[in-house]
1. Determine the pairs where a residue that is within 17 Å of residue 110 (Cα to Cα), located within region 1-30, has a partner that is assigned to a helix (DSSP H, G or I) and at pLDDT 85 or above with Cβ atoms under 6 Å apart, the partner being 6 or more residues away or on another chain.
2. How many residues does region 80-129 contain that are closer than 17 Å to residue 29 by Cβ, in a loop (DSSP other than H, G, I, E, B) and not β-branched (Val, Ile, Thr)?
3. Out of curiosity, is residue 2 surrounded by 12 or more Cβ atoms within 10 Å (Cβ to Cβ), more than 17 Å from residue 121 (Cβ to Cβ) and at pLDDT below 80?
4. Just one of (1) in a strand (DSSP E or B); (2) out of contact with any Gly (no Cβ under 9 Å at 6 or more places or on another chain) trips up residue 30, so point out which.
5. Restricting region 5-36 to residues that are among the acidic types (Asp, Glu) and under 17 Å from residue 50 (Cα atoms), which is most open to solvent (accessible area, probe 1.4 Å)?
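The values are calculated or read from the model by the stated rules, or taken from the named source; none is laboratory data. If you're wondering where the values come from, they're calculated on a predicted model, not measured in any experiment. We place every Cβ from the backbone using ideal geometry, glycine too, and count neighbours over all the protein chains shown. Areas reflect the complete protein model, heavy atoms only, side chains present, ligands, DNA and RNA absent. Shrake-Rupley method; radii C 1.70, N 1.55, O 1.52, S 1.80 Å.
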Amino acid sequence: MTQEEKQFLLKDICGRLPYKVKINCFDVPRTLESISIDCDEFVTIDCGGEHFYHPLSNILHKDCLPYLRPMSSMTDEERVEYNIIKCSICPDEPDDYAGFVDWLNEHHFDYRGLIEKGLAIEAPEGMYN
């Protein structure tokens, strides 16, 4: 994983923090509680009371990836809600787009293609129910 990919992934995960995204911490699914950067040297990942420390140069790696749902896993009910929100976005209103992205994050969808890039793991069915 390149440094650019790690930074991209860190930004994506931070946007998902309020929605209790699960990450694979060394083959164990854990709920991500917080991420903090200490003294510009280490990143601390809090997974429900367990803390994982990484040098800032190695922010996230292949053993610490989020579980996301592919867009194709949308239920019929979610698809209706998705289309309503998507169609109501006004290009001149940044808050509309932000609300749409929040909805995608809340439902743990991989709208950026992270699974395909190897930067996320496809969530098993029912993981987020």
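1. 15/105; 16/105; 19/105; 19/106
2. 12
3. Values: surrounded by 12 or more Cβ atoms within 10 Å (Cβ to Cβ): no; more than 17 Å from residue 121 (Cβ to Cβ): yes; at pLDDT below 80: yes.
It is false that residue 2 is surrounded by 12 or more Cβ atoms within 10 Å (Cβ to Cβ), more than 17 Å from residue 121 (Cβ to Cβ) and at pLDDT below 80.
4. (2)
5. By that ranking, first place goes to 27.
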